[in-house]
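S.K.: One structure, as structure tokens, below. Some questions next.
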Amino acid sequence: MRRSIVITAAAAAALALAGCGTTEPAADSAAKDTKGITLTDASGAKVTLDGPAKKVVGTEWNVVESLVTLGVDPVGVADVKGYGTWDTAAPLKNGPKDIGTRGEPSMDTIASLSPDLIVATTDLPDAAVKQLRKIAPVLEVRSADAADPVGQMKENLDLIAEATGTTAEADEAKKAYDTKVAEGRKALADAGLAGTRIAFADGYVASNQVSVRPYTAGSLIGGVNTALGLENAWKIEGDKDYGLAATDVEGLTGLGDVRFAYIGSDSEGDVFADDLAKNSVWTSLPFVKKDEVHRLPDGIWMFGGPRSMEAYVDALVGALTK
């Protein structure tokens, strides 16, 4: 499944977030333009910059979204076409250079851009990060944290903002997200849907078998659902980083009477609407019989930042209250 994040790498090598700081006051943007910045990234490494980074490369879509949200147009982006398909909430504006895949960025291409900073996640292999550090300072953010998915999203935004001198923009983005969630929570409550059980998932076909990937309460989507006042219906345990699990069609029978939501892509087909359309187990599920299966609009990146999650809130609330 081409849209899949590098879950295996994340589960095997996720690092504890070490926190961040700066040698300059967050509000003193003018000072940051003339003085150095020192940060501690998610790997525990010290990252020193001469000033706020302007020419920035992003090796993963969530950090690219954060950069765009902060008003920083990256000069290099991994899989530009894929980003444009899967993350429409924060569109690219400056025609950045495609630096290769998210798992294997091109070192030569990145070096040709002479970046001030490379922003990566802890999903990227250590060997690749070591090579990148020979090109420019590398700021690693933790890819995800199932213990506090929304908090991790905001911490990543803040860390990138410290490196790019855009802390005011980060505050605005977080405030906009919080406002959107509060509005969505109220709309659901007003519609009598507070506490509604919801199951969000995606799926794919391999060897003619449909696999389903549940987004548990520890996923970013799950964290947003909880903030909206909904109850996550998945009881299966997710991984410690992304809060994702694995099951099959039979595994859906234990969900009971829920609202089921997913995000697909016309370019890759629709597992739930197409591949399972004549599956007797699928068609017997209570939420399928009650027409409570909701495909949300394409282009909402399930592992993105505040803008993607705002788009998700709008889409989910709209689907549940229509």
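S.K.: If the Cβ limit is 6 Å and pairs must be 6+ apart or interchain, which residue in segment 90-113 that is at positive phi pairs with which residue that is surrounded by fewer than 18 Cβ atoms within 10 Å (Cβ to Cβ) and modelled with pLDDT of 95 or more?
M.R.: G100/S106
S.K.: Take segment 222-235 and flag every residue that is under 18 Å from F287 (Cβ atoms) and without any contact (Cβ under 8 Å) to a residue 24 or more places away in the chain.
M.R.: Residue satisfying the conditions is K235 alone.
S.K.: Just checking, how many residues over segment 207-221 are without any contact (Cβ under 8 Å) to a residue 12 or more places away in the chain and either farther than 25 Å from G269 by Cα or not hydroxyl-bearing (S, T, Y) (or both)?
M.R.: Narrowing segment 207-221 to residues without any contact (Cβ under 8 Å) to a residue 12 or more places away in the chain: 207-208.
Pick out the ones that are also either farther than 25 Å from G269 by Cα or not hydroxyl-bearing (S, T, Y) (or both) and you get 208.
Residues flagged as without any contact (Cβ under 8 Å) to a residue 12 or more places away in the chain and either farther than 25 Å from G269 by Cα or not hydroxyl-bearing (S, T, Y) (or both) within segment 207-221 amount to 1.
S.K.: Where in segment 5-94 are the helices (runs of 4 or more DSSP H), entirely inside, with at least 3 residues that are surrounded by fewer than 23 Cβ atoms within 10 Å (Cβ to Cβ) and modelled with pLDDT of 95 or more? Steps first, answer last, please.
M.R.: Values: elements: 7-13, 29-34, 61-69, 80-86.
Because the criterion is at least 3 residues that are surrounded by fewer than 23 Cβ atoms within 10 Å (Cβ to Cβ) and modelled with pLDDT of 95 or more, the helices (runs of 4 or more DSSP H) in segment 5-94 that meet it are 80-86.
S.K.: Report whether or not I118 is under 15 Å from K55 (Cα atoms), assigned to a strand (DSSP E or B) and at pLDDT 95 or above. I'd like the intermediate steps shown before the answer.
M.R.: Numbers: under 15 Å from K55 (Cα atoms): yes; assigned to a strand (DSSP E or B): yes; at pLDDT 95 or above: yes.
The answer is yes for I118.
S.K.: Mind listing just one residue for me: the one in segment 157-166 that is touching a helix residue (DSSP H, G or I) at 6+ places or on another chain (Cβ under 6 Å) and buried (at least 23 other Cβ atoms within 10 Å of the Cβ) and, of those, farthest from I221 (Cα to Cα)? I'd like the intermediate steps shown before the answer.
M.R.: Our first condition is that a residue be touching a helix residue (DSSP H, G or I) at 6+ places or on another chain (Cβ under 6 Å); within segment 157-166, this holds for 157-158, 160-161, 165.
Adding the requirement that they be buried (at least 23 other Cβ atoms within 10 Å of the Cβ) leaves 157, 160-161, 165.
Working: L157: 17, I160: 22, A161: 23, G165: 28 Å.
Of everything passing the filter in segment 157-166, G165 is farthest from I221 (Cα to Cα).
S.K.: Take the residues in segment 259-310 that are of a type in the set (S, T, Y) and free of Cβ contacts under 8 Å to residues at least 60 places away in the same chain, then tell me which one is nearest to D87 (Cα to Cα). Reasoning before the result, please.
M.R.: Residues of segment 259-310 that are of a type in the set (S, T, Y), as a first pass: 262, 265, 267, 280, 283-284, 308.
When the remaining residues are screened for being free of Cβ contacts under 8 Å to residues at least 60 places away in the same chain, the result is 280, 283-284.
Working: S280: 34, T283: 31, S284: 33 Å.
Within segment 259-310, the match that is nearest to D87 (Cα to Cα) is T283.
S.K.: Next up: Before we move on, is D266 under 24 Å from L188 (Cβ atoms) and among the charged types (D, E, K, R)? Explain how you work it out, then say what you get.
M.R.: Working: under 24 Å from L188 (Cβ atoms): no; among the charged types (D, E, K, R): yes.
Against the criterion (under 24 Å from L188 (Cβ atoms) and among the charged types (D, E, K, R)), D266 does not qualify.
S.K.: To continue, here is another question. Got a number for residues in segment 173-190 being within 14 Å of A90 (Cβ to Cβ) and surrounded by fewer than 21 Cβ atoms within 10 Å (Cβ to Cβ)?
M.R.: Residues of segment 173-190 within 14 Å of A90 (Cβ to Cβ): 173, 176-177.
With the extra rule that they be surrounded by fewer than 21 Cβ atoms within 10 Å (Cβ to Cβ), the set shrinks to 176.
So the answer is 1.
S.K.: Follow-up. Are any of the residues in segment 128-142 in contact (Cβ under 8 Å) with a residue 12 or more places away in the chain, of a type in the set (G, A, S), in a helix (DSSP H, G or I) and more than 24 Å from K35 (Cα to Cα)?
M.R.: Yes - at least one qualifying residue is present in segment 128-142.
S.K.: Could you grab the pairs with beta carbons closer than 7 Å, sequence gap of 6+ or different chains, first residue in segment 236-250 and buried (at least 20 other Cβ atoms within 10 Å of the Cβ), second one of a type in the set (F, W, Y) and not in a loop (DSSP other than H, G, I, E, B)?
M.R.: Close Cβ pairs satisfying both conditions: G243/Y215; L244/Y215; V249/W282.
The values are calculated or read from the model by the stated rules, or taken from the named source; none is laboratory data. This is a predicted model, so every value here is computed, not measured. Glycine gets a Cβ as well: all are built from the backbone with ideal geometry, and neighbour counts include every protein chain shown.
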